[in-house]
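All remarks here apply to the structure that follows.
The values are calculated or read from the model by the stated rules, or taken from the named source; none is laboratory data. Keep in mind it's a predicted model, so treat the numbers as computed, not measured. Quick reminder, even Gly has a Cβ in these numbers, built from the backbone with ideal geometry, and neighbours come from all protein chains shown. What goes into the accessible areas is simple: the full protein's heavy atoms, side chains included, and nothing from ligands, DNA or RNA. Shrake-Rupley method; radii C 1.70, N 1.55, O 1.52, S 1.80 Å.
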Amino acid sequence: MNQKSQSIAFKKAPFLIGAASVAGSKEAEGPLGKLFDMTNQDDLFGAKTWEEAESNMQREACILALGKAHKKPEDVRFLFGGDLLRQGIATSMGIEALHIPMFGLYGACSTSGEALALAAMSAAAGYGDCMLAVTSSHFGSAEKEFRFPLGYASQRPLSAHWTVTGSGAFLVGTEKSHVRISGVTVGKIVDYGLKDSQNMGACMAPAAMDTIAQNFKDFGRTAADYDRIVTGDLGYVGQDILFDLLEQKGYDIQTKHVDCGMTIFDQKSQDTHAGGSGCGCAAVTLSSYILPKIRKGEWKRVLFVPTGALMSTVSFNEGASVPGIAHGIVLEHVN
């Protein structure tokens, strides 16, 4: 692979050797509800605050992923994790008890892709035999952080997303499994000048387009080379924009596209407007729905593209635009 490209094709591809998903009550009522490893009707997960609840989810997801792969925390070389909260407190406080060397990340809703890319790169480079990638989001903590506390009962526009309460954890390493990460396409920050934080699908779609088109260029592929192209949380608004932007570049992915935010909830019966979002959206959908299909060989090659809107409460209040980023992870079935 040309070093000037945005992608890496691993000569010795690492494997996804374990994964786990933890989700909240609304997610449990959705189309994927029975596929999650753990759900809880109490969205506080036994805690007193939304933030502590999110930390509890992360810890449970890590422990479940380790257990399913028959690993212990001391088997993990590095942990790559992040969330939506300030200073990444959901991650730092959630994984503290595991005593694993960690890198705290922030890629907004694209964090699962960022964590998987760095874990795969570290394993492929020989820095360790087992890495852990984890991320989470929580409806209550995200609303308080970025919008309005739940007690305000504010009205959401139809373009708004519903932040997923969930955490996904993934073990990446050299031990062979039925799913390998054959390559990654590292995303660039793409900013079309949009300022509406209640329409994140529109803000993130240009970044998804840029990464998908770059992946096709770097690997010499088209949509036909993938069984599915999965975006993180563009939702119903962002999906249409993505299709239009890619069509302008000569690509048609409509028959191959799946969006995690459109998959995790039933839009009509659950009143989630544009769909799901948050770091946990792509992570739990990958763990519970996408990976099993790749393991079984139903999908041979998938391009997983979590998307993130890179805003903060400060940037939004100061009237700044909302740039987006998306990272591409190439997942392949191994016999």
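Tell me which lysines have Cα within less than 21 Å of LYS12's Cα, excluding those fewer than 8 residues away on the same chain?
LYS4, LYS176, LYS300
Just to make sure I understand: if all protein chains stay in place, what is the order of TRP162, TRP299, TRP50 by accessible area at 1.4 Å, largest first?
The ordering from most to least exposed comes out as TRP50, TRP162, TRP299.
Show which lysines lie in cross-link reach of LYS48 when reach means a straight Cα distance below 20 angstrom and same-chain residues fewer than eight apart are skipped.
Hits, sequence-local ones excluded: LYS26, LYS144.
Where only protein heavy atoms count, and the probe is 1.4 Å, what is the accessible area per residue for the range 236-335 in Å²?
Averaged over the residues of the range 236-335, the accessible area is 38 Å².
Enumerate the residues in the range 210-248 having an amide nitrogen under 16 Å from the point lying 7 Å beyond the Cα of LYS11 toward its Cβ.
Output list for this probe position: empty.
Put one equal scatterer on each alpha carbon of the range 192-297, apply the Debye formula with no solvent term, and list log10 I(q)/I(0) at q = 0.10, 0.11, 0.17 1/Å to two decimals.
-0.29, -0.35, -0.82
Using just the Cα positions, wrap the range 1-136 in a convex hull and report its mean projected area in square nanometres, one decimal place.
Taking the Cα atoms of the range 1-136, their convex hull projects to 9.3 nm² on average.
From largest accessible area down, sort VAL237, VAL330; use a 1.4 Å probe on the protein chains.
VAL237, VAL330
Once Rh is set to the Kirkwood radius over Cα pairs, what Stokes-Einstein translational diffusion coefficient, in µm²/s, holds for the range 195-243 at a temperature of 20 °C and a viscosity of 1.002 mPa s?
Approximately 187 µm²/s, per Stokes-Einstein.
Which length gain, in nm to one decimal place, applies between ASP225 and ASP244 when the Cα-Cα distance is subtracted from 0.36 nm times their residue separation? Walk me through the numbers before you get to the answer.
Details: separation 19, 0.36 × 19 = 6.84 nm, distance 2.02 nm.
Length gained between ASP225 and ASP244: 4.8 nm.
Considering only protein heavy atoms, with the full assembly of protein chains and a 1.4 angstrom probe, order SER312, SER137 by accessible area, largest first.
Details: SER312 50, SER137 0 Å².
From most accessible down to least: SER312, SER137.
Rounded to the nearest 20 debye, what is the charge dipole size of the chain about its Cα centre when +1 sits on each Lys and Arg Cβ and -1 on each Asp and Glu Cβ? The partial results should precede the final answer.
Working: 30 positive and 35 negative charges, 204 e Å.
Charge dipole, the chain, about its Cα centre: 980 debye, nearest 20.
To the nearest 10 square angstrom, how much accessible area does HIS333 have with a 1.4 angstrom probe?
Approximately 40 Å² of HIS333 is accessible to the 1.4 Å probe.
Given the convex hull over the Cα atoms of the chain, what projected area results after averaging over all orientations, in nm²?
15.5 nm²
Would you work out which of ALA69, GLY88, ILE100 lies farthest towards the positive end of the dipole of the range 63-103? Charges go on Cβ: Lys and Arg +1, Asp and Glu -1.
Result: ALA69, furthest along the dipole toward the positive end.
How high is the FRET efficiency from HIS70 to GLU96, r the C-beta distance, R0 25 Å, rounded to 0.05?
0.60
Among MET38, MET57, MET204, which one shows the highest mean-square fluctuation when the chain is modelled as a Gaussian network with alpha-carbon springs under 10 Å?
Among MET38, MET57, MET204, the largest GNM mean-square fluctuation belongs to MET38.
Hey, what's the Cα Rg ratio for the range 84-138 versus the globular rule of thumb, 2.2 N^0.38 Å?
1.14
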